Every structure is written in structure tokens, then in C-alpha cells.
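Take a look at the structure below.
No value in this document is a laboratory result; all are computed from the given coordinates. In this text the structure is predicted, and so the values were computed from the model without any measurement. Neighbour counts run over all protein chains shown; Cβ positions are idealised from the backbone, glycine included.
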Amino acid sequence: MNRKIKWKFNLLDAVIIILALAAGFAGYHLINADRGGGGLLVSGSSVTVRYTLELYDLPTGTAALILPGHGVMEVVEKRNIGTVVSVSVEPYRMTSTDRYTGETRLQNVPDRERAHVVMEISVTETERELSASGFIVRGGEGLSVTGPGWAGQGFILDIERG
């Protein structure tokens, strides 16, 4: 009872192989489109973007080191994320709950400050994103950043196309 199963190539097998190759090719181009490898993104125009970066929980005096004209680097990927245009400082405040009354209050944190840093960068604008050498300007993006003599963490709050 040793039967050998013989496989015969037919038209249905050819169609399945062609569809699998086409799906793999399309998937590869969709995945690599953001990296410039796919060509599915329409190449965009170069525009200057201003965005506000909120740096929170800075030690008092740190914001005085953030000066207009200085470049800022993203710490993790070591990318330039723009040039400082202006800086405004306010006390760092956190919410706390009073355990006796249950009220939630906004209180100043001693020896800490919050800085709103307006940044400017030239980006390539496509239908999907604003990018500059791998850095994508996206609202709500959390960043760890550094500049000459200072470092901090924050979020992109506001983006203006200019």
C-alpha cells in the first residue's frame, strides 16, 4: 500500500503563486514607503514649521539656559529637531488630591519650572507627515531633548505651518 502522491502543476497553482508574489511586493512597498523606499508617498514640498515644545519638571534656572538661536537635539535618536525661537517660563504645577476633603488642587512644585519653547525647523511636507531627516513633527509626541548645557523631557503642543 505504498502509494506515491504525484503533484501536477496546473493553472490554479500558477494563479496562486502570482497572487502571493503580488501581495508580498505590495506589502514590501507599503512598509518601506515611510522610509523613502516605496514610492507610494507623493514627494512633498519643503516648508518651515514652528512648533511649541512644552518641557516639564525642569530644575529652576534650567529654562534660562535655553536661548533663541540654539539648536536642540533629540536624545534617543540624536537628531536635530530645530532651532529655538523663543522661550517662556512658568512654575511647574501638579494636581494633588486632599485626602481629607477629596478635592483636587493644582499646586506649585518647589524648585521646578515648566518651559514653553517655540522651535523652528525646515521640513518636507507630504500628505501623511511633516518630516526632517527622520524626525517627524507630530502633535502630542513625547521627546527627550538636549541643548547646550541643559536637558529635559516634554511634548509637542502646537504646530504652525509657515
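Give me the percent of Cα-Cα pairs in the chain that sit more than 28 Å apart, rounded to a whole number.
Details: 6101 of 13041 pairs.
When every Cα pair of the chain is considered, 47 percent fall beyond 28 Å.
Label separation (Ala14 vs Ser88): 7.0 nm, computed from points 7 Å beyond Cα along the C-beta direction. Note on the chain: dipole from Cβ charges, positive end direction compared against Ser88, Leu11, Thr126; the farthest Cα belongs to Leu11. Placing +1 on the Cβ of every Lys and Arg and -1 on the Cβ of every Asp and Glu, with nothing else charged, gives the range 45-162 a dipole about its Cα centre of roughly 120 debye.
Using Cα pairs under 8 angstrom and six or more residues apart, how large is the relative contact order of the chain, in percent?
28 percent
Here the Kirkwood formula, the inverse mean of 1/r across different C-alpha pairs, assigns the range 60-99 a hydrodynamic radius of 12.7 Å. Rounded to the nearest 10 degrees, the inclination of helix 11-32 to the longest alpha-carbon principal axis of the chain is 20 degrees. Taking each residue as 0.36 nm, the span from His70 to Trp7 lengthens on full extension beyond its C-alpha to C-alpha distance by 15.7 nm.
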